[in-house]
Amino acid sequence: MDPRLAAYGAVMLVGALAYLLVPVALLGDLAWLTVLVATLAAVHLGQRAHRPSTPRPWWLLQLGLACMALAFALELSAWGEGTLVARRWASDLLALSTFLWMGLAALAFAHAQTGGHERAPALDSLLLMVTSTGLLWDVAWQQHGGVAIDTSSLIAAMGMSLGASWAAGMTVRMLLAGGHRSLSGRALGAAAALVLAGVTVHVVGGITGRMLTGGPMDLVWALALAAMGITALHPSMRTLTAPFAQAEVGRTRSSIGLLSAALLLPPTAILMRQALGDEPVLPATVATVCVAALVVVRFGGLVIDRERARQAVLAQSLIDPLTGLGNRAAVMGHLEQLAREGSAGPAGSSYAVVFLDLDDFKAVNDTWGHAAGDHALISVAQRLRAAARASDRLGRIAGDEFVLVAAGVDASSGPGLRDRLAAAFSEPIQLGPAALALQASIGIAYGRVGIDTASAVLGRADDAMYEVKRDRPQAPSA
């Protein structure tokens, strides 16, 4: 075991036992402060030992722990002197700032993993924040209405609820961005869950006792601090600031589960109040409306992302991977559009289909190898693209066969188009130190929009190309 982890575990165990077993309140509180300081030291030592690529999130986490320790120290300084309002408020504000810094740390982890460009984890974490804050505020508001707590305690409870929900929500964002893959990420997630659970116990219990400790919160906070220390001391802490790939199936399922829970919990709370004869209070109602709106945005994003992915796959399926030109399906799809009246131009307007076949290209592969043949095909595609107009459709429909579809070209302008494409083969193609002179047999046929079928006009262009090839057989030379 790592000696740092062992030492930290020993300090945490001794401090927890001292807090639970020492009958003197002040000594027990000093033991608790020792646990806080030990966790702060563990995070600092872990950062120094493992040297993460992005240290900023770790400094933010240390700042949050320092605020927590200082808040508790302020309460200890008033021990035996009675309650000092100013000191109590300062302690509460420092405790609340703990959640702010921890949430910012989790947000910085997520940003380091994704570059800050993923909207889905941000919406998921916001949903968790709104849901948990609304439910906790609902409880606190109800207690305040029943005169169970005063206004200052209500404000403290609402602040704690918002802060803990913020920290937990940002941690969820970090986990969904990729942090769940490492032990350190899971430990930090457990710490955030324990913090939120502790605040829930605090709020549901009537907002009594200290801001940081008291009653059932002691064990919860101790476990949360232990998880934070483990997060920094374990070597996998480096992965929390390392870039991760995009979403995976497991993460998508987790997101769907989170969305479902966030959508159902606030209205469930309202229904439970109605079943018990209580009037629904404002926070749960507002949370229900906000969560519903966020879920609509989230699912709308999923639909848009799915459609974009479908369009990207469709576009990729129409591209020849070697040359980047359209493939046979793309060419045929365009010709079929021309065959439908009014879909690709005025009915009856003329267009040309040019069919190019490289003469004796098999000899290139046999002599120079397939890598050289691929290079030659790429060079031919580049030259044909340069010779074509921006409006022309150019594709590679077979190994050494290319087709160009040119709208607005008829028998009077077709020969000029054919000569322009033939000129693309006037210069040899460089294959390392050697030069390869290629020739192409070029056939051309004409069609009319809305009249000629795709297969008919392509067949005529193919026939015209073979007539040229029979009349002028030539082989490539080096």
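Only the coordinates and a few stated rules stand behind these numbers; no lab work does. Everything numeric here is computed off the predicted structure, so don't read it as measured data. Neighbour counts are summed over all protein chains in view; Cβ atoms, including those assigned to glycine, are modelled from backbone coordinates with ideal geometry.
Compactness check for segment 328-471: Cα Rg over 2.2 N^0.38 Å is 1.07. Amide H contacts under 5 Å for residue 440: 359, restricted to partners 5 or more places along the chain or on a different chain, H placed in the peptide plane at 1.01 Å from N.
Ordering of 300-311, 125-136, 423-434, 358-369 by packing is 125-136, 358-369, 423-434, 300-311, highest average first (other Cβ atoms within 10 Å, averaged per residue).
Here is the P(r) of segment 344-388: all C-alpha pair distances, binned every 10 Å from 0, give 22, 36, 23, 12, 6 in whole percents. Using the Karplus relation 6.51 cos²θ - 1.76 cosθ + 1.60 with θ = phi - 60°, the per-residue 3J(HN,Hα) values for segment 393-410 come to 9, 10, x, 10, 9, 7, x, 10, 10, 10, 10, 10, 10, 10, 6, x, 10, 10 Hz, with x marking Gly and Pro. In whole angstrom, how far apart do the alpha carbon centroids of segment 366-397 and segment 287-302 sit? Comparing the Cα centres of segment 366-397 and segment 287-302, I get a distance of 49 Å.
Normalised by the number of residues in segment 328-471, the average gap of Cα pairs under 8 Å and 6 or more apart makes the relative contact order 40 percent.
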